[in-house]
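One structure is given here, and the rest of the page talks about it.
The values are calculated or read from the model by the stated rules, or taken from the named source; none is laboratory data. Because the structure is predicted, anything quoted here is derived from the model rather than measured. Neighbour counts run over all protein chains shown; Cβ positions are idealised from the backbone, glycine included. Quick note on the areas: whole protein, heavy atoms, side chains included, nothing else; ligands and nucleic acids left out. Shrake-Rupley method; radii C 1.70, N 1.55, O 1.52, S 1.80 Å.
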Amino acid sequence: MRYRGLTWDHPRGYSALMAAAGMLDEARDGIAINWDKHSLEGFEAHPIGDLCERYDLVVLDHPHVGEAVAVGCLQSLESLFAADEIVALERATIGPCLSSYRLNGLHWGLPLDAATQVLAYRADLHDGPPPITWDDVSALSERESVALSLAGPHAALTFQSIVAALTPPDAAIDPEQFVATQTGLAALDLLARLASRSPQVVRDANPIGMLSHMATREDVVLCPLIYGYVNYAVAGGQNTHAITFADAPRATSGGRPGSTLGGTGIGISTRCVVTPALLTHLRWLMSAEAQTRFIPAHDGQPSRRSAWQDDAVNSRWGNFYRNTAATLERAHVRPRHNHAIAFQASASAFIREELENKRDHRAVLAGLQKMFASSRHDRAPPRLSHA
């Protein structure tokens with residue numbers, strides 16, 4: 001049996017999967033897997049139903065789950081694995097990396113890769129320890145070059161992370177609202193203040209572009225919220241500097257690090273003819289052996305908690321995992337309803353436009369709430385503009 005898989009075109013997205021597939025012997029194991037790649041932007045925005053028509057295995061982000069369930073293009077884990085296996089996987093997985101793929105009582109993806117927005121900085125350029133609170137970040141931005149990650153979907157994701165940090169732990173959550181009004185306004189105030197100071201040179205950079213810029217230039221010292229890429233935690237060449245990662249900023253020193261979950265899962269499409277040999281391979285990718293040794297050794301970012309705590313893994317990767325695990329454990333899970341991806345893209349474009357034009361924040365928040373409500377009621381979100 002030959003399977004087709006699709007992942008994203010960064011070493012973190014494909015190196016381990018391709019190396020694992022390369023160890024398969026079709027005559028011995030009964031399967032072969034060929035992995036194709038697409039861009040980070042394609043990974044974030046391409047309709048999941050279309051991908052599942054062409055591929056057996058699709059690497060996806062958890063906000064795609066609502067769309068996938070709506071079009072019926074994925075097989076649930078419950079239909080393929082025993083209940084006790086899923087329970088054990090939940091216990092072993094760090095933070096909400098498995099539960100983020102749960103919708104309507106079923107799981108729709110295996111947690112291959114774990115990531116969330118964390119703080120990144122050049123320790124050789126920054127004076128002292130990293131900032132802990134958003135007040136610290138704001139003060140730092142007055143004397144050092146602090147950049148925001150706002151390109152693509154990341155304006156909305158950064159906004160949501162700030163909201164997560166500012167939301168009191170006992171606050172009631174209204175599922176019909178994108179964010180609570182006062183918290184949303186405070187987050188927009190902070191976002192606007194930092195955006196006005198953020199260097200234009202990285203305005204259009206996605207996280208990979210931002211981190212690559214930081215690693216090779218000296219005009220961006222710190223980014224308070226960016227998806228962590230372990231590959232940048234160690235120096236990678238003559239002109240490349242290591243980036244140090246730390247927990248995301250908090251509202252107060254004892255508060256929750258505000259962050260929006262990323263990472264990826266492996267979805268099994270309905271076109272896939274699942275064999276015992278394929279399940280054996282997928283189980284191995286989730287195993288302690290693969291997650292703690294094989295995946296980190298092949299540029300991957302594991303989802304198993306024991307890997308994030310492992311001394312050898314942390315020693316190899318500049319303590320990236322240990323320094324950011326607390327943020328991942330409490331990461332915010334994005335909306336996963338159908339049209340959630342469309343809302344994320346539209347909301348990000350709207351936030352960027354409104355920040356650029358310095359619009360009234362109450363009007364901006366009202367627009368975001370309207371877009372979210374529209375997407376929640378099974379309609380594509382409207383494109384709002386005051387231009």
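Here are the numbers:
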item: Residues of region 212-229 that turn out to be in a loop (DSSP other than H, G, I, E, B) and either among the small types (Gly, Ala, Ser) or over 20 Å from the mean Cα position of the chain (by Cα) (or both), as a count; result: 6
item: Residue within region 309-316 that is closer than 20 Å to Leu188 by Cα, more than 17 Å from the chain's Cα centre (by Cα) and of a type in the set (Val, Ile, Thr) present; result: no
item: Arg304 of a type in the set (D, E, K, R) and in contact (Cβ under 8 Å) with a residue 40 or more places away in the chain; result: yes
item: Pro257 being touching a residue at least 12 places away in the same chain (Cβ under 8 Å), outside any loop (DSSP other than H, G, I, E, B) and closer than 16 Å to Gln160 by Cα; result: no
item: Conditions (1) touching a helix residue (DSSP H, G or I) at 6+ places or on another chain (Cβ under 8 Å); (2) touching a residue at least 60 places away in the same chain (Cβ under 8 Å): number failed by Ile86; result: (2)
item: Residue match in region 32-44 (condition: over 23 Å from the mean Cα position of the chain (by Cα) and among the polar types (S, T, N, Q)); result: yes
item: Subset of region 131-144 [in contact (Cβ under 8 Å) with a residue 40 or more places away in the chain, surrounded by fewer than 21 Cβ atoms within 10 Å (Cβ to Cβ) and part of a loop (DSSP other than H, G, I, E, B)]; result: Ile132, Glu142, Glu144
item: Condition met for Leu166 (open to solvent by less than 30 Å² (accessible area, probe 1.4 Å) and touching a residue at least 12 places away in the same chain (Cβ under 8 Å)); result: no
item: Any helices (runs of 4 or more DSSP H) falling wholly within region 2-97 and containing at least 3 residues that are open to solvent by less than 70 Å² (accessible area, probe 1.4 Å); result: 11-22, 40-45, 48-54, 65-71, 83-92
item: In region 326-340, the residues that are open to solvent by 20 Å² or more (accessible area, probe 1.4 Å) and more than 18 Å from Val179 (Cβ to Cβ); result: Ala326, Glu329, Asn338
item: Set Pro96, Pro63, Pro47: member being in contact with a helix residue (DSSP H, G or I) (Cβ under 8 Å, 6 or more places away or on another chain), in contact (Cβ under 8 Å) with a residue 60 or more places away in the chain and not hydrophobic (A, V, I, L, M, F, W, C); result: Pro63
item: Exclusive hit being under 25 Å from Arg293 (Cβ atoms) and either touching a residue at least 12 places away in the same chain (Cβ under 8 Å) or small (Gly, Ala, Ser) (or both), set Ser15, Ser39, Ser79; result: Ser15
item: Within region 192-208, tally of residues that are in contact with a strand residue (DSSP E or B) (Cβ under 8 Å, 6 or more places away or on another chain) and open to solvent by 30 Å² or more (accessible area, probe 1.4 Å); result: 1
item: Out of Arg322, Arg304, Arg293, sole residue that is under 20 Å from Leu17 (Cβ atoms), at pLDDT 95 or above and surrounded by fewer than 19 Cβ atoms within 10 Å (Cβ to Cβ); result: Arg293
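Matching residues to (1) open to solvent by 50 Å² or more (accessible area, probe 1.4 Å); (2) assigned to a helix (DSSP H, G or I):
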{"position": "Ala151", "(1), (2)": "no, no"}
{"position": "Asp170", "(1), (2)": "yes, no"}
{"position": "Ala186", "(1), (2)": "no, yes"}
{"position": "Leu190", "(1), (2)": "no, yes"}
{"position": "Met210", "(1), (2)": "no, yes"}
